[in-house]
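What follows is a set of notes on a single structure, which appears directly below.
The values are calculated or read from the model by the stated rules, or taken from the named source; none is laboratory data. All of these numbers come straight from a predicted model, not from anything done at the bench. Heads up, the Cβs are rebuilt from the backbone with ideal geometry, glycines too, and the neighbour counts pull from every protein chain shown. The protein model used for the area step is the full one, side chains on, heavy atoms only, and it has no ligands, DNA or RNA in it. Shrake-Rupley method; radii C 1.70, N 1.55, O 1.52, S 1.80 Å.
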Amino acid sequence: MIPAPFDYVRVGSLDEAISALVEHGEDAKLLAGGHSLLPLMKLRLATPSVLIDIGPVRELSYVVDAGDHVAIGALTRHHDLHHDPVAVSQVPLLSMVAGKIGDPQVRHRGTIGGSLTHADPASDLPAAVLALGGTLVARGPAGERQIPADAFFSGFLESALAPDEVLTEIRVPKAVGGHAYQKFVRRAQDWAIVGSVVARVGDRVGVALVNMGPTPLRALAVEQALAEGASAAEAAERAAEGLEPPSDNNATAEFRRHLARVLTRRALAEAGV
Amino acid sequence: MKVKLEVNGEAHERDVEPRTLLVYFLREELGLTGTNVGCDTTSCGACTVLLDGESVKSCTVLAAQADGHSITTIEGLASGDELHPMQQAFREHHGLQCGYCTPGMVMAAVSLVKENPDLDEAAVREGLEGNLCRCTGYHNIVQAVLDAARSSREGAW
């Protein structure tokens, strides 16, 4: 399978990337590791006229301890996030989830920024960033703005980024307490049929679900029940409340609701909630 | 567009369409047909090569993205008639049945052992999760990789 023809532009800095987005308009797409975009282009589900390759922008690959939070450059590869000592010690959930994406080859190419902007409800990292209560930093011609993870995923494969904005950094609070990711798959490297992420951040317990609706989403009913003093088992029963998961070859919507409850119960137990 | 890659230690420059995938660049432009195309959807790992020493699925990398970088394919592992220790281990343990997944398996295994030669069986199985063997001949493949990892720890490669 070969993608439809496109023009290729390579940029070496963030400023060049923003200028290229402004110049080429809405038909242009940023290319990072390409492990979400290229498969779509090979299936001709995406046919951008221009690809702006930001792979060489090394200034966007980092994990740093920023005091009360950890800042991750958008072009940090899953492999690097998984092994990074700051991530491992200060936000072990994110490091662990990065190591569960796809397979080693995918993790050598895929980036956290690519995964988040692709906004696939079946992806692992968006749910982890939601559970942690992260903030996304975007930069465009008008400057920089911060977007709470809650407000970032706006629809199926759609994010709150404007066409001329670049996601530059992901900020997550330090969270060294209990955490868990329960990922239900039929084969090791597959996308999650359903996943449940639990993160303790200070006194709060964040819970987010994979593949339970059109976007990555938080299990708000579970979080609320926990905040009101429900037991973990009681709270987990509410995991599918108000959600409309898809039915496909892997699972019916009803089976997905069941999985959300079971996986959330297991994840809460594993996180010591 | 012009791309310039170092493949198996040799510089190659070609004029290609931007949409050219690395695997087709290797097979059709350079005639290096040891790298197989299996699923063509980033799943099976048959097309695995090393990009700057790390395993990648070459059906999901543009030749343009590899411009200026170094690629190693299965053809580049042996030194003359002497097989790479990973190839030798696959041979000794009969780590193949039909052989279609073998080039990708070997390249993924080389990358895995280079990252961390201190592997147990579970780590090998997990580390090869991106490579499918439809003959389901995994057992001998895992034995081969464990053996090669041992020789790497002993400084043989």
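A few points about this structure:
- Candidates A:ALA160, A:ALA180, A:ALA128, filtered to the one that is open to solvent by less than 60 Å² (accessible area, probe 1.4 Å) and over 15 Å from A:ALA199 (Cα atoms): A:ALA160
- Identification of strands (runs of 3 or more DSSP E) wholly contained in segment B:22-97 with 2 or more residues that are at pLDDT 95 or above and open to solvent by 10 Å² or more (accessible area, probe 1.4 Å) yields B:70-72.
- Some residue of segment A:12-24 being farther than 17 Å from A:GLU165 by Cβ, surrounded by fewer than 22 Cβ atoms within 10 Å (Cβ to Cβ) and within 13 Å of chain B (Cβ to nearest Cβ): yes
- Segment B:98-129, residues that are within 14 Å of chain A (Cβ to nearest Cβ), in contact with a helix residue (DSSP H, G or I) (Cβ under 7 Å, 6 or more places away or on another chain) and not in a helix (DSSP H, G or I): B:LEU119, B:LEU128
- Pairs, first under 17 Å from A:PRO121 (Cα atoms) and touching a residue at least 12 places away in the same chain (Cβ under 8 Å) in segment A:231-244, second among the charged types (D, E, K, R) and surrounded by 16 or more Cβ atoms within 10 Å (Cβ to Cβ), C-beta under 9 Å, six or more apart: A:ALA239/A:ARG257; A:ALA239/A:ARG261; A:ALA239/A:ARG265; A:ALA240/A:ARG256; A:ALA240/A:ARG257; A:ALA240/A:ARG261; A:LEU243/A:ARG256; A:LEU243/A:ARG257
- Of all residues in segment A:250-265, those that are open to solvent by less than 20 Å² (accessible area, probe 1.4 Å) have Cβ atoms under 8 Å from Cβ atoms of residues that are assigned to a helix (DSSP H, G or I), 6 or more apart or on another chain, in A:ALA251/A:LEU259; A:THR264/A:VAL222; A:THR264/A:ALA235; A:THR264/A:ALA236.
- Residue in segment B:53-62 that is closer than 22 Å to A:ARG109 by Cβ and out of contact with any helix residue (DSSP H, G or I) (no Cβ under 6 Å at 6 or more places or on another chain) present: yes
- Of the criteria (1) touching a residue at least 24 places away in the same chain (Cβ under 8 Å); (2) not in a helix (DSSP H, G or I), which one B:GLU13 fails: (1)
- Residue among A:LEU81, A:LEU30, A:LEU37, A:LEU93 that is buried (at least 17 other Cβ atoms within 10 Å of the Cβ), assigned by TED's automatic domain parsing to the domain that holds A:ALA138 and touching a residue at least 40 places away in the same chain (Cβ under 8 Å): A:LEU93
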